[in-house]
Amino acid sequence: MQTDSQTTHDADEDIRNRDIQIYVNGDLVHRNDAKVSVYDSGFLLGDGMWEGMRLYNGKWAFFDEHMDRFFASCKTVSLDVGMDRAGILEALTRTAEANEMHTDVHCRLMLTRGVKVKPFQHPSLSRTGPTLVIIMEHSRPVDGLQSKGIRLATVPQVRGLPMSQDPKLNSHSKLNCVIACLQAEEAGADEGLMLDPHGFVNTTNACNFFIVRGGEVWTSSGDYCMKGVTRQKVIDLCRANDIPVFEKNYSLYEAYGANEAFLTGTFGAQTPVASIDGKPIGDGQRPVTARIRALYKDLVAATTA
C-alpha cells in the first residue's frame with residue numbers, strides 16, 4: 001500500500017480549527033465537547049442526510065442549490081428537518097459568527113432522524129426529533145494538488161441502482177464509498193474510480209468525474225451518481241462559454257485515452273487527475289481544465305461579492 005496518498009479533501013493546516021465552536025441542536029459548544037447520543041439514528045444506522053458548503057466573503061456559495069438537494073433528500077426518506085431554509089441559514093450564520101469565520105470556510109451540515117428509544121432499525125423508534133449538527137472549519141485546499149493531480153484506480157465497488165440505495169441521496173450511509181476508497185488505496189491510488197452497474201465510468205468515491213477529449217468535456221449520464229452542485233455549475237459554465245459538454249455513457253477506453261480529466265466537488269472545486277490505473281492522462285497540459293477552473297472562480301466571486 002502506498003505511503004504518499006493524498007485526497008481531494010487535503011487542506012492546509014489551520015491552528016484556529018483546534019478551538020472551533022460546533023452547532024449541536026441549537027447549542028454552540030467547543031469541538032471537544034460536541035457530542036451526540038450513542039442512541040442517535042445517525043450513529044446507529046447512518047440514518048441521515050448532509051450537505052457540504054463553502055463560505056466566501058461572508059456568503060454561502062450556491063446556498064439555494066444546496067438547500068434544494070438537502071430538503072429533497074430529506075423528503076425522500078421522510079426525514080423532518082424541523083426548520084425551513086431561513087432557519088438553516090440562521091443556524092449557519094450563528095455558527096460562522098461564533099467562530100469569527102468569513103471566507104475560505106468549509107461547512108458540513110448534518111441532520112439525522114434523532115435519538116432512538118431502543119437501538120433498533122425502525123424509524124418510529126426515533127422520537128426526540130431530528131439531530132442537527134454543523135461543523136465549520138477554516139479550510140483551503142492544498143496548492144500542490146493542482147500541479148500534481150490525483151491518481152485514480154478503477155475499483156470493484158460500483159455505484160448502485162436507485163432501488164437499492166439511490167446514489168443521488170447525500171446520506172450518512174457512505175460505506176460503499178468507504179469500501180471504494182479502501183480498494184483504491186490497496187491498488188496504490190489516491191481515490192477510487194467507480195463504474196455504474198452497466199460498466200460505464202461514473203464517479204469517484206468522493207467527487208464527480210469529467211474527462212476532456214478533443215476539446216469536448218464528458219461526464220457520466222448522471223443516472224447513478226450524486227448530482228453535485230459543482231458538477232452542474234461546470235456543465236452550465238461550459239454551455240454558457242461555448243465549450244462542448246456531454247452527459248453520456250462512456251467506458252474506460254475513452255477515459256484512458258482522454259487529453260485531460262478532473263474531479264469536481266464543493267471543497268476542491270476542480271481537481272486534475274494525473275492517472276487512472278497507472279496510465280497517465282494526456283501529456284500533463286490541462287488548458288480546458290484551467291479555463292473551467294478560472295470560469296468557476298469568477299462565478300463564485302460574482303455570486304458571493
| query | Lys59: which lysines have alpha carbons under 23 Å from its alpha carbon, excluding same-chain residues fewer than 8 sequence positions away? | reply | Lys227, Lys233, Lys297
| Cross-link reach list, lysines versus Lys279, counting only Cα pairs under 22 Å and skipping chain neighbours closer than eight places | Lys148
| note | Extend 7 Å from the Cα of Ser173 along its Cα-to-C-beta direction; within the range 116-152, residues with backbone N under 14 Å of that point are 121-123
| query | Whose amide H sits under 5 Å from the amide H of Val105, counting only residues 5 or more places off or on another chain, with H placed in the peptide plane? | reply | Leu55, Ser139
| task | Give the long-range amide H neighbours of Val245: residues separated by 5 or more places, or on another chain, with amide H under 5 Å away, using H modelled in the peptide plane at 1.01 Å from N. | result | Val217
| Phi-based couplings in Hz for the range 83-89 (Karplus 6.51, -1.76, 1.60; Gly and Pro marked x) | 7, 8, 4, 4, x, 4, 4
| Stretchable slack from Ser124 to Met83, in nm (0.36 nm times residue separation minus alpha-carbon distance) | 12.8 nm
| message | Using a 10 Å cut-off around each Cβ, can you sort Cys74, Cys107 from fewest to most neighbouring Cβ atoms? | response | Cys74, Cys107
| said: Using the Karplus curve 6.51 cos²θ - 1.76 cosθ + 1.60 with θ = phi - 60°, what ³J(HN,Hα) values do you get for each residue of the range 22-30, in whole Hz, with x for Gly and Pro? | reply: 10, 7, 10, 6, x, 9, 10, 10, 4
| FRET efficiency estimate (nearest 0.05) - Cβ-Cβ, Asp19 to Tyr56, R0 30 angstrom | 0.85
| request: Classify the range 15-138 as rounded, prolate or oblate from the Cα gyration tensor: take a ≥ b ≥ c as the square roots of its eigenvalues, call it rounded if a/c is under 1.5, otherwise prolate when a/b beats b/c and oblate if not. | output: oblate
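Read-outs throughout are calculated quantities, based only on the coordinates presented, and are distinct from any laboratory measurement. What you see is a predicted model, and the numbers here were worked out from it, not measured in a lab. Glycine gets a Cβ as well: all are built from the backbone with ideal geometry, and neighbour counts include every protein chain shown.
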